[in-house]
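Here's the structure, in structure tokens; my notes come after.
The values are calculated or read from the model by the stated rules, or taken from the named source; none is laboratory data. Here the structure is a predicted model, which is why all the values come from computation and not from measurement. Here the Cβ is made from the backbone with ideal geometry for all residues, glycine too, and neighbour counts use every protein chain on show.
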Amino acid sequence: MTTPNDTPEPSLASAGSQPVAWAVTRRTDGWIASVSMFERTAECEAGRRGDGWSAVPLYRPPTLTDAEQLAIAWAAREADEWDEEDTPEVAAHAEVLRGLAKRLF
């Protein structure tokens with residue numbers, strides 16, 4: 001998607017995302033007691049439950065634009081063309097890109 005001045009909008013992953021909800025969790029083991037859309041509501045419930053409880057933000061998984069996905073796939077393919085014996089770090093970077101793509105696509 002582009003803005004009126006044709007500047008591509010950053011993806012949620014690169015722009016930084018805001019919490020979509022808040023969970024009330026026990027600090028000792030991460031057990032979730034409840035989920036709220038509002039930070040203040042979660043904070044109040046954590047306070048009512050007493051010491052050892054926290055309100056923590058919940059986020060959407062990061063997403064990439066089609067252009068970002070294409071760039072990752074292209075870079076991984078291009079890295080395959082390099083001679084792995086001469087540039088082992090290129091092959092390692094390609095594997096990292098493939099792992100990123102697998103998690104996000």
Give all pairs with beta carbons closer than 6 Å in which a residue from the range 43-72 that is free of Cβ contacts under 8 Å to residues at least 24 places away in the same chain meets a residue that is among the β-branched types (Val, Ile, Thr); count only pairs at least 6 apart in sequence or on separate chains.
GLU45/VAL24; ALA46/VAL24
Counting only residues that are at pLDDT below 80 and within 24 Å of the chain's Cα centre (by Cα), give me the helices (runs of 4 or more DSSP H) lying completely in the chain with at least 1 of them.
12-15, 88-104
